[in-house]
Amino acid sequence: MSRIGVFICHCGINIAATVDVERVAEEAGRMPGVAFATHYKYMCSDPGQSLIRQAIAEHGLDGVVVVACSPAMHERTFRQAVAAAGLNPYRCEMANIREQCSWVHQHEREEATAKAVDIVRTMVEKVKRDEELVPLRLPIVRRAMVVGGGIAGMEAALNIADAGYPVVLVEREDRLGGKMARLSSTYLNFEAAPGLLEEKIRQVLEHSNIQVLFNARVTKLEGYVGNFAVTVEMSEGPRTEEVGAVVVATGWDPYPLERLPEYGGGQIPDVVDGLTFEEMLRTGLQRPSDGRVPQEVVFVQCAGSRDPEHGVSYCSKVCCMYVAKQAMMYKERVPGGQAYVFYIDIRSGGKGYDEFVQRAMEEYDVLYLRGKVSKIFRRGDRVVVWGSDTLVGRPLELEADLVVLATAMLPSREALALAQTLHIQADQYGFYSEAHPKLRPVESLTAGVFLAGVGQGPKDIPETVAQAAAAAAKVIQLFAQDAMVQEPTVAYVIEDLCSACGACVAVCPYGAREIHPVRPIATVNPALCQTCGACVVACPNKASRIHNWEPVQVLAMADVVI
Amino acid sequence: MKIPYYPGCTLSTKAKGYDRSGRAVAAALGMELVELPDWQCCGATFPLATDNSMALIAPTRVLYQAEQAGEQVAALCAICYHVLKRTQTALERDPAMRERINWFTEQGYEGRVRVVHLLELLRDYLGWAELARRVVRPLTGLRVAPYYGCLLLRPYDEIGLDNPEAPTILHDLIRAVGAEPVDFPFSIECCGSYLTVKDPTVSETLSREIVASARAAGAQVLVTACPLCQFNLEWPQRETAFGRTGDEIPVLYFTQLMAVALGLPEEDWGIEGMYTDPYPLLRNVVQAVESV
Ligand SMILES: Cc1cc2nc3c(=O)[nH]c(=O)nc-3n(C[C@H](O)[C@H](O)[C@H](O)COP(=O)(O)OP(=O)(O)OC[C@H]3O[C@@H](n4cnc5c(N)ncnc54)[C@H](O)[C@@H]3O)c2cc1C
Ligand code: SF4
Ligand code: SF4
Ligand code: SF4
């Protein structure tokens, strides 16, 4: 005879206001196989949990039913609690009388109480027949893939490789560096970007643990955390890489100038974007139309950003800072020239960032004008900018030799397709979604796939490097475990009953089943099985089963309530 | 092809020339504009408050009248087009509002009719290449400034006729009739619209700038699709606080330019009572063409 304990939770008034918990406890106490039944205000609280542990010891319980909320909420909590008292955690189940009873029958106390008793009855029958299971331990492939070889991808790869794990870095272009390769210098100290980058690239290329695949694209991801098989398409044809974790660092693309027709984008040669101006700063500052060195330059911030009507709603985060940098560099090169900056407000949060912008205003006489630009057009060989100065409350017309649009950063144009390939989520713009905005900022919702750099959202180099290091730390943390632990309540096949008909293979939505290559049976990959039960229903021979959801259990559960 | 046509109040009174030339060019191109048998004023303003169902009643009545006549209804007046098109869109997106108005008007507007501008028919139904083929008096050498104004194009999300920041539909039309479109920065700047009634100096100031800018860019004539723009751009050129400058240029409807190019008789040009006389210019062009 089993010795089962039943623990009924009030959930404050969530359950107790509707269900008569005292009566449920009384009824449960009389159920066959139940050795102990009680109720308590909050079972999940520390006193609630210790109440369960004590009862296990005092009454020699061999199974536990916690009658409370959904198992999605607290199954793990209670299984840990009973394990601490020496009971096998898989002999603890939850009977849900909150979501599936008290909340949906708020004005029917009698009926709700009767239903709660029935729910308890079924779970008692299940626990009686629950096997003692042990979590599965799956091997980990200790090799990582990084997709994207910008500063984010290189930084992540170097960190993982330095920890001693091999990395395969997949870059779609024929060179490393991403957008940083187009920058002239970087704020705050005007360090030359090419120098910084060359050093990084050299480290990556020379690292014995890093293999770089150029002109390569990820086209398929199979498997699961710790054991991915990634297909990479290259000019020589596809290849499969076995890795345990993936870091996605595909960066960004500039907002197309053509999408800013009101600013003459794509029509007026002397209207350029920030990246083009970075290149001009490197090559001699000649304006595109006639090669003259511009004497008056107008910078337009938030071009396409923060504009839900025409562009994107978000702030691109780096442009306030790089415009200040570019304006100062311009003034260094052309001391007699004039730089104007139109801005909505200055977003220079960051250590030393606001001081940097102030230097542009005060030491370099860059003229900051608070207002939006409405239109840009040509007049002879000059570019005319219509804007407003909201601090004096007047519309403004400026004639310049060159206009630099600080255009928005868009997610890499392939990001959405890649997100689908990698089974990760992206937001409405195409930036990859993190698993939790505060607490899990570098993980995707797919276990084993991590995020770094602008692909996840606009950010500058220091922030990108920090995020890449964090993603690498997550990979290293994963690789440091000796095995992947997995719930054992998954499907299995009774080989003697299986006729290898394949019905279960066809219905499994997670690709967890296949017919054995040699033997006439179906097999289950427990790492992929999500315990959905489709195969159990599909199997004509009752060969497909799920641990602790055995037919005898389900039938017994049905028997006590019908 | 017969197309139900909503002339609207202005084209029946102050802007008869637009109506006349519009019907004439459409007919010459095989599109007969058939005036709705029974129509009323569209209200001439689209409400800015989202819950202002009152202001939607008049345009919905027009749409109902149009729905009885066919699947689409053409307008020439940019303001009528703006109000009707936005009402069509608004009621498409808010069926509850449509029901509410139907309940009040006791008319069953179903939301099937599509509001189109003649410009749209020319571009999408006829095509610029076909229009160019039908031109008998190409207006070679005539430098025309396309003036779009606001209401024809904005808001794009509800009207969707052309890119409101960089429109080309009038440019394309000007090219199709053999003339040369002149780019000028004010082609989508506001002329002051109804402020001409309340505070004329505002629209005077704005209009002067528009005309001066077109002029400076080398334009000989401005074209528009809106009777209020036409009025605002033209009359300050005659008598205003600024006085005459000698820089006056005529402001025509695009249909009038087409009427000349399609070889229609002068009475179909519909040019009457203008402050700036376009005849010398247009007759010159015609003569130049015919002498070749
Ligand atoms: C004008 C301008 C000036 C700037 N100046 C500064 C500055 O002074 N200081 C600063 O801190 N920040 C600056 N920034 C910001 C800086 O450029 C970014 O923070 C940085 O580029 C982010 O790097 P990333 O690796 O995330 O992205 P990226 O540089 O875009 O790199 C992404 C890489 O992934 C590759 N890739 C993309 N898709 C795929 C795919 N599907 N498969 C394989 N590979 C793929 C790309 O080819 C690229 O190599 C500036 C930005 C701009 C626009
Ligand atoms: S960082 Fe500055 S310039 Fe860039 S979008 Fe944000 S506020 Fe605008
Ligand atoms: S329980 Fe679901 S996921 Fe698991 S093997 Fe069966 S069908 Fe696949
Ligand atoms: S459905 Fe049943 S009998 Fe058929 S292959 Fe799957 S487990 Fe075997």
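The values are calculated or read from the model by the stated rules, or taken from the named source; none is laboratory data. Just so it is clear, the structure is predicted and the values come from calculations on it, not from any experiment. Because the Cβ atoms are built from the backbone with ideal geometry, glycine has one as well, and the counts that use them run over all protein chains shown. These accessible areas exclude ligands, DNA and RNA; they are computed on the full protein's heavy atoms, side chains included. Shrake-Rupley method; radii C 1.70, N 1.55, O 1.52, S 1.80 Å.
Numerical summary
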read-out: Descending principal axes extents, the stretch A:4-128, alpha-carbon based, whole Å; value: 40, 28, 20
read-out: All-pairs alpha carbon distance profile, the stretch B:105-189, 10 Å steps from 0, percent; value: 16, 40, 29, 10, 5, 0
read-out: Per-residue HN-Hα couplings for the stretch A:292-301 [Karplus 6.51, -1.76, 1.60; θ = phi - 60°; Hz; x = Gly/Pro]; value: 6, 7, x, 8, 10, 10, 10, 9, 10, 7
read-out: Cα-based reach from A:K351 at 25 Å (exclusive), listing lysines while leaving out same-chain residues under 8 positions away; value: A:K179, A:K200, A:K317, A:K325, A:K331, A:K438, A:K459
read-out: Sum of side-chain charges, A:C9 neighbourhood, beta-carbon under 11 Å (Lys, Arg +1; Asp, Glu -1); value: +2
read-out: Within-10-Å neighbourhood charge of A:V146 [Cβ basis; K, R +1; D, E -1]; value: -2
read-out: Gaussian network model of chain B, springs between alpha carbon atoms under 10 Å - residue of B:M258, B:M54, B:M97 with greatest fluctuation; value: B:M54
read-out: Structure-based [θ]222 nm, chain A - -39500 (n - 2.57) summed over DSSP H runs of at least 4, per residue, nearest 500; value: -9000 deg cm²/dmol
read-out: Label-point gap, in nm, between B:A96 and B:R112 - each point 7 angstrom along Cα→Cβ; value: 2.6
read-out: Overall dimensions of the protein assembly as shown as given by Cα atoms, namely Rg and Dmax in Å; value: 37.1, 117
read-out: Nearby lysines by direct alpha-carbon distance to B:K14 (threshold 20 angstrom, same-chain neighbours under 8 apart not counted); value: B:K198
read-out: GluC sites (Glu not before Pro) restricted to the stretch B:94-184 and DSSP loop, no more than 10 other C-beta within 10 Å; value: B:E106
read-out: Accessible surface of chain A, 1.4 Å probe, proportion on carbon and sulfur as whole %; value: 52
read-out: Debye intensity ratio in log₁₀ form over the Cα atoms of the stretch A:156-246, taken at each q of 0.10, 0.18 Å⁻¹; value: -0.32, -0.89
read-out: Debye-sum result for the stretch B:136-291 in log10 I(q)/I(0), which assumes one identical scatterer on each alpha carbon, at q = 0.12, 0.14, 0.15, 0.17 Å⁻¹; value: -0.49, -0.67, -0.77, -0.98
read-out: Interface residues in the stretch A:224-270 - accessible area drops by 50 Å² or more relative to the isolated chain, probe 1.4 Å; value: A:P261
read-out: At 0.890 mPa s and 25 °C, Stokes diffusion of the stretch A:118-274 via Kirkwood alpha-carbon radius, µm² per second; value: 128
read-out: Compactness of the stretch A:490-546 - radius of gyration and Dmax, Cα, Å; value: 9.6, 27
read-out: Whole-angstrom gap from the stretch A:34-61 to the stretch A:3-19, using each part's C-alpha centre; value: 12
read-out: Other-chain or far-sequence residues with amide H under 5 Å of A:Y224's (modelled H); value: A:A229
read-out: Straight-distance crosslink candidates among lysines, where the alpha carbon sits under 18 Å from A:K115 and sequence neighbours closer than 8 are dropped; value: A:K126
read-out: Formal net charge of residues neighbouring B:I169 (Cβ-Cβ distance under 9 Å; K, R +1; D, E -1); value: -2
read-out: Centre separation in Å (Cα based) which lies between the stretch A:374-395 and the stretch B:66-131; value: 37
read-out: Area hidden from solvent between B and A (accessible, protein heavy atoms only, 1.4 Å, total, Å²); value: 600
read-out: Probe 1.4 Å, protein heavy atoms only - accessible area per residue of the protein assembly as shown in square angstrom; value: 44
read-out: Long-range amide H partners of A:V341 with built H, under 5 Å; value: A:F299, A:L367, A:Y368, A:L369
read-out: FRET efficiency estimate (nearest 0.05) - Cβ-Cβ, A:A556 to A:D496, R0 25 angstrom; value: 0.60
read-out: Helix-only mean residue ellipticity at 222 nm for chain B, each DSSP H run of n ≥ 4 adding -39500 (n - 2.57), per residue, nearest 500; value: -13500 deg cm²/dmol
read-out: Phi to ³J(HN,Hα) by Karplus 6.51 cos²θ - 1.76 cosθ + 1.60 over the stretch B:220-236, Hz, x for Gly, Pro; value: 9, 7, 9, 10, 8, 10, 10, x, 6, 4, 4, 4, 4, 7, 8, 5, x
read-out: Carbon plus sulfur fraction of accessible area for the stretch B:132-212, probe 1.4 Å, in percent; value: 55
read-out: Amide H partners (placed H, <5 Å) of A:T390, local residues excluded; value: A:R370, A:G371
read-out: Cα-based radius of gyration of chain B once divided by 2.2 N^0.38 Å, which approximates compact folds; value: 0.99
read-out: Square roots of 5 times each gyration tensor eigenvalue, C-alpha, the stretch B:1-145, largest first, Å; value: 31, 15, 14
